[in-house]
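Just below is one structure, and these are the notes that go with it.
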Amino acid sequence: MLSKDTIARFGNLETPFYYYDLGLLDQTLETCRSAAEKFGFHVHYALKANFNEQVLQAVRKTGFGADCVSGNEVKKAIELGFDPGKVVFAGVGKSDKEIIEALNSDIYCFNVESVQELGIINGLAAERGKTARVAIRINPNVDAHTHQYITTGLEENKFGVNQWELNSCIKELKACPNLKLIGIHFHIGSQITNLEVFKSLCVKVNELNSWFEDHGYQLQILNVGGGLGVDYHAPDENSINDFESYFSIFDQFLERRNDQEVHFELGRALVAQCGSLISRILYVKNGLKKNFLILDAGMTELMRPALYQAYHKIENISSLSDVQVKYDVVGPICESTDCFGKEVELPESIRGDLMAIRTAGAYGEVMSSGYNLRERVKSVYS
Ligand code: LLP
């Protein structure tokens, strides 16, 4: 449960809104920073998880780089003071305009996702008399054992180049004088809670690292992406991830040649726990078979439950009742999937009670939409 003082602050605020505990965010970032430093690892924060400016400022102060997946994310990171030398740009569909802007900003690296993209970046760099640093995103065909919609490293996924295309990549690179290959990049999926999966990734990265060496390329960077999951069931207890155990897997199982750097692109594990969606109950509908709590927030504010059947802990932060009732907690949007949780056991609730939907700091506000002409969701900080 959120603290009493925090809840007291919400009293008269207009709902719904995202609440961010910036103190918890700082602690999470610091825990991650010091663990990464211990192993000499580099972290780029995946902006896609949350690009709220206050969140980004906190991340920037920690000294992390920025992992971006659109021209606007690149622009935003640089505008907010991230060093362009620490900005990487991934994505299967970079437009020419986005590539040109990134080249003009002298970003650190393009994570390239197809053979064709190599040629396009080379051409645009050549026209500007520039050399673009690139890392090839390789699809390692490692199963992340996570939800099928957020797994990305299998051959059936659209991301990266497949291993059987690597010879073509080398051939293309040889024909691209305005590209400098600096590394290889992987990302196998998100919300990964079984750390064994990362061992399998390390084995694959080692294999491919050797392959490049055998083909005459000394890579500077091994970028293993992000994906570390969080515990959505325990927003209060041990809510900061054990970054040290996570990094130590890579320290143990990844073979680093010479001074090779290891880069990570963490999103969720850094920002999920510090955010909650705060909403008010508009109506209570008691039926014969079901009781519904209808909130003033819906899938337009937090899409994860509707899109992935994702679990978020739901709390009534107003009710003092001892009576427990099972409710389906739903939003006001005209879609049946607009449901935050079914048969959720909560203290007896009434119109006007405040509800907190927890662990919503990652892929929450950023995925909100204006569907049904809803107003853009606001944010509150402490
Ligand atoms: N790097 C790449 C190339 C990625 O595609 C992603 C996430 C990350 C890093 C950061 O992954 P993280 O550490 O946050 O797991 N909307 C979904 C998650 C989509 C993740 C997309 N890629 C959700 O709400 O669960």
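Per-residue answers, yes or no, for (1) closer than 17 Å to Gly331 by Cβ; (2) of a type in the set (Gly, Ala, Ser); (3) away from the ligand (no atom under 16 Å from the Cβ); (4) in the same structural domain as Asn223 (by TED's automatic domain parsing):
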residue: Ile249; (1), (2), (3), (4): no, no, no, yes
residue: Asp259; (1), (2), (3), (4): no, no, yes, yes
residue: Leu266; (1), (2), (3), (4): no, no, no, yes
residue: Ile278; (1), (2), (3), (4): yes, no, yes, no
residue: Phe292; (1), (2), (3), (4): yes, no, yes, no
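Does segment 163-195 hold any residues that are loosely packed, with under 14 Cβ neighbours inside 10 Å, away from the ligand (no atom under 16 Å from the Cβ) and not in a helix (DSSP H, G or I), and which are they?
The answer is Ala175, Pro177.
Taking Glu155 and the conditions (1) at pLDDT 95 or above; (2) away from the ligand (no atom under 16 Å from the Cβ), which numbered condition does it fall short on, given that it satisfies the others?
Tallying (1) at pLDDT 95 or above; (2) away from the ligand (no atom under 16 Å from the Cβ), Glu155 fails exactly one: (1).
Output the residue which, of all residues in segment 75-113 that are among the hydrophobic types (A, V, I, L, M, F, W, C) and within 17 Å of Gln54 (Cα to Cα), is surrounded by the fewest Cβ atoms within 10 Å (Cβ to Cβ). Outline the logic, then answer.
From segment 75-113, those among the hydrophobic types (A, V, I, L, M, F, W, C) are 77-78, 80, 82, 87-90, 92, 99-100, 102-103, 107, 109-110, 112; that's our starting set.
Subsequent filtering for residues that are within 17 Å of Gln54 (Cα to Cα) retains 77-78, 80, 82.
Numbers: Ala77: 29, Ile78: 19, Leu80: 15, Phe82: 24.
By that ranking, first place goes to Leu80.
Inspect all residues belonging to segment 39-56 and state whether any of them is assigned to a helix (DSSP H, G or I), surrounded by fewer than 19 Cβ atoms within 10 Å (Cβ to Cβ) and basic (Lys, Arg). Please lay out each step first, then the result.
Quick first cut of segment 39-56, residues assigned to a helix (DSSP H, G or I) only: 39, 47-49, 53-56.
Going one step further and asking which of them are surrounded by fewer than 19 Cβ atoms within 10 Å (Cβ to Cβ), we end up with 39, 53-54.
Narrowing further to those that are basic (Lys, Arg): none.
No, that holds for no residue.
Which condition number does Val43 fail, the rest of (1) more than 17 Å from the chain's Cα centre (by Cα); (2) of a type in the set (Val, Ile, Thr); (3) within 15 Å of the ligand (Cβ to nearest atom) being met?
(1)
Any residue in segment 88-99 that is modelled with pLDDT of 95 or more, under 30 Å from Glu255 (Cα atoms) and not in a loop (DSSP other than H, G, I, E, B)?
Yes, because at least one residue in segment 88-99 is modelled with pLDDT of 95 or more, under 30 Å from Glu255 (Cα atoms) and not in a loop (DSSP other than H, G, I, E, B).
From the set of residues in segment 266-288 that are more than 26 Å from the chain's Cα centre (by Cα) and touching a residue at least 60 places away in the same chain (Cβ under 8 Å), which is surrounded by the fewest Cβ atoms within 10 Å (Cβ to Cβ)? Before the answer, list the steps.
First pass over segment 266-288, keeping only residues more than 26 Å from the chain's Cα centre (by Cα): 280-288.
From the residues that got through so far, the ones that are touching a residue at least 60 places away in the same chain (Cβ under 8 Å) too are 280-284.
On the way: Arg280: 18, Ile281: 22, Leu282: 15, Tyr283: 12, Val284: 17.
Of everything passing the filter in segment 266-288, Tyr283 is surrounded by the fewest Cβ atoms within 10 Å (Cβ to Cβ).
Picking from Gly23, Gly91, which residue would you name as being touching a Ser or Thr at 6+ places or on another chain (Cβ under 8 Å) and within 15 Å of the ligand (Cβ to nearest atom)? Give the derivation first.
Working: Gly23 fails: within 15 Å of the ligand (Cβ to nearest atom).
Selected residue: Gly91, the only one of Gly23, Gly91 that is touching a Ser or Thr at 6+ places or on another chain (Cβ under 8 Å) and within 15 Å of the ligand (Cβ to nearest atom).
Are any residues in segment 342-358 at positive phi and small (Gly, Ala, Ser), and if so, which ones? Don't jump to the end; show me each part of the working.
Our first condition is that a residue be at positive phi; within segment 342-358, this holds for 343, 352.
Once the filter is applied, which keeps residues that are at positive phi and small (Gly, Ala, Ser), segment 342-358 yields only Gly352.
Give all pairs with beta carbons closer than 7 Å in which a residue from segment 289-317 that is closer than 19 Å to Asp236 by Cβ and outside any strand (DSSP E or B) meets a residue that is away from the ligand (no atom under 12 Å from the Cβ) and among the aromatic types (Phe, Trp, Tyr); count only pairs at least 6 apart in sequence or on separate chains.
Cβ pairs passing all conditions: His312/Phe340.
Could you please give the count of residues in segment 294-309 that are more than 13 Å from the ligand (Cβ to nearest atom) and either within 30 Å of Gly63 (Cβ to Cβ) or polar (S, T, N, Q) (or both)? Spell out how you get there, then give the answer.
Step one: filter segment 294-309 for residues more than 13 Å from the ligand (Cβ to nearest atom), giving 294-298, 300-301.
Now drop any that are not either within 30 Å of Gly63 (Cβ to Cβ) or polar (S, T, N, Q) (or both), which leaves 300.
Total meeting the criteria: 1.
Would you mind stating whether Lys158 is closer than 25 Å to Thr193 by Cβ and exposed (fewer than 14 other Cβ atoms within 10 Å of the Cβ)? I'd like the intermediate steps shown before the answer.
Numbers: closer than 25 Å to Thr193 by Cβ: yes; exposed (fewer than 14 other Cβ atoms within 10 Å of the Cβ): yes.
Spelling it out, Lys158 is indeed closer than 25 Å to Thr193 by Cβ and exposed (fewer than 14 other Cβ atoms within 10 Å of the Cβ).
Looking at this structure, is Ala362 within 16 Å of the ligand (Cβ to nearest atom), within 24 Å of Val230 (Cα to Cα) and crowded, with 18+ Cβ neighbours inside 10 Å? Steps first, answer last, please.
Details: within 16 Å of the ligand (Cβ to nearest atom): yes; within 24 Å of Val230 (Cα to Cα): yes; crowded, with 18+ Cβ neighbours inside 10 Å: yes.
Against the criterion (within 16 Å of the ligand (Cβ to nearest atom), within 24 Å of Val230 (Cα to Cα) and crowded, with 18+ Cβ neighbours inside 10 Å), Ala362 qualifies.
Of these, Ile357, Ile333, which one is buried (at least 19 other Cβ atoms within 10 Å of the Cβ) and under 17 Å from Phe10 (Cα atoms)?
Values: Ile333 fails: under 17 Å from Phe10 (Cα atoms).
Within the list Ile357, Ile333, the selection yields Ile357.
Within segment 18-28, is there a residue that is closer than 24 Å to Gln57 by Cα, modelled with pLDDT under 95, assigned to a loop (DSSP other than H, G, I, E, B) and not basic (Lys, Arg)? Write out each step before concluding.
From segment 18-28, those closer than 24 Å to Gln57 by Cα are 18-28; that's our starting set.
Okay, now just the ones that are also modelled with pLDDT under 95, so none.
No, every residue in segment 18-28 fails to be closer than 24 Å to Gln57 by Cα, modelled with pLDDT under 95, assigned to a loop (DSSP other than H, G, I, E, B) and not basic (Lys, Arg).
The values are calculated or read from the model by the stated rules, or taken from the named source; none is laboratory data. All values derive from a computational prediction rather than experimental measurement. Glycine also receives a Cβ, built like all others from the backbone with ideal geometry; neighbour counts cover every protein chain displayed.
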